[in-house]
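Undergrad: After the structure tokens below, expect a handful of questions from me.
The values are calculated or read from the model by the stated rules, or taken from the named source; none is laboratory data. Worth saying up front: this structure is predicted, and the values here are computed from it rather than measured. Ideal geometry is used to build each Cβ from the backbone, glycine not excepted, and the neighbour counts take in all protein chains shown.
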Amino acid sequence: MHRIVLLGPPASGKGTQSDRISSLLNIPHLSTGNILRKEVENGSPIGLEAQKYLDRGAYVPDELILSMVQAWLSERPEGWLLDGFPRTKAQAEALQNLSGVDKPTLVLGLEVPKEALISRMEGRRECSSCGKTVSLKEGQEEICEDCGGNLVKRSDDVIDSFKVRYQNYEKLTLPLFDFYQEKGILERIDGTQAPDVVFEQIKQHLVSEQVHGEA
Ligand code: ADP
């Protein structure tokens, strides 16, 4: 049974790799960032609250995220993949203790230096229809290849917001590498390479988790 957490700084490729992992293993995945953006778009009470934080790059309060994630996880006992959660020590501790939810079995930590993240963030677009994240190539039309929706720049993908998100990442999320290392479930992934190469590294860990899990 796979219960996987994907850690990594903003624009490190978590969304791209989540799509691939969840198709490969046939497990559902939750991107807290995508869910929050949808809530904002729909103007729901959660969205109205979250919007205060999203555009300036601040983390949304733990309680708001936790209630969303708990509801989602409790309906998925067959395994899952989380992208963007946990992001703070309080969230990670809560995930270890959620009633009715089993603990993560594997944490993949994507490592990419800050300079590379900034140029990725500048070329990143999101499909306004299906939510897919793509890296825009020169001269490429801003239309989603999967569903024909418009590709748009996220409103938080601007340098000021990125800087705040990165600072928060270093201060609040990076300590989770040690948290999971101590639990013996962290695998570090070199996220600087092309998506296919990164995915190959990830697959090796998924295979060894399977072998380990069955032993
Ligand atoms: P990125 O990884 O590029 O920062 P995400 O799509 O994962 O983008 O998240 C976008 C924003 O959603 C974050 O900057 C933050 O405001 C909010 N967010 C997502 N997940 C969480 C979380 N677990 N805790 C707090 N805020 C979150």
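Undergrad: Let me confirm something: among Glu126, Glu142, Glu170, which residue is within 13 Å of the ligand (Cβ to nearest atom) and touching a Leu at 6+ places or on another chain (Cβ under 8 Å)?
TA: On the way: Glu142 fails: within 13 Å of the ligand (Cβ to nearest atom); Glu170 fails: touching a Leu at 6+ places or on another chain (Cβ under 8 Å).
Residue meeting the stated conditions: Glu126.
Undergrad: Confirm whether Leu98 is outside any helix (DSSP H, G or I), touching a strand residue (DSSP E or B) at 6+ places or on another chain (Cβ under 6 Å) and either more than 9 Å from the ligand (Cβ to nearest atom) or not acidic (Asp, Glu) (or both).
TA: No; evaluated as a whole, the condition is false for this residue.
Undergrad: Please state which of the following conditions Arg87 fails to meet, knowing it meets all the rest: (1) part of a loop (DSSP other than H, G, I, E, B); (2) over 30 Å from Ile185 (Cα atoms); (3) modelled with pLDDT of 90 or more.
TA: (2)
Undergrad: Of all residues in segment 16-37, which are in a helix (DSSP H, G or I), small (Gly, Ala, Ser) and within 7 Å of the ligand (Cβ to nearest atom)?
TA: If the condition is that a residue be in a helix (DSSP H, G or I), small (Gly, Ala, Ser) and within 7 Å of the ligand (Cβ to nearest atom), then Gly33 is the only one that fits.
Undergrad: Please specify each residue of segment 159-201 satisfying the condition of being farther than 27 Å from Gly57 by Cβ, β-branched (Val, Ile, Thr) and surrounded by 15 or more Cβ atoms within 10 Å (Cβ to Cβ).
TA: Ile185 - this is the single residue of segment 159-201 that is farther than 27 Å from Gly57 by Cβ, β-branched (Val, Ile, Thr) and surrounded by 15 or more Cβ atoms within 10 Å (Cβ to Cβ).
Undergrad: Also: Taking the conditions exactly as written (at pLDDT 95 or above and within 16 Å of the chain's Cα centre (by Cα)), does Glu200 satisfy them or not?
TA: No, not satisfied.
Undergrad: Applying the selection to segment 144-158, what residues are surrounded by 15 or more Cβ atoms within 10 Å (Cβ to Cβ) and touching a strand residue (DSSP E or B) at 6+ places or on another chain (Cβ under 9 Å)?
TA: Cys144, Gly149, Leu151, Lys153, Arg154, Asp157, listed by residue number.
Undergrad: A further question on this structure: Taking the stated definitions as given, is Glu41 more than 17 Å from the chain's Cα centre (by Cα), within 12 Å of the ligand (Cβ to nearest atom) and outside any loop (DSSP other than H, G, I, E, B)?
TA: No, not satisfied.
Undergrad: Right, another one. Exactly one of (1) part of a loop (DSSP other than H, G, I, E, B); (2) without any contact (Cβ under 8 Å) to a residue 24 or more places away in the chain; (3) under 15 Å from Gly15 (Cα atoms) is unmet by Gly148. Its number?
TA: All conditions are met except number (3).
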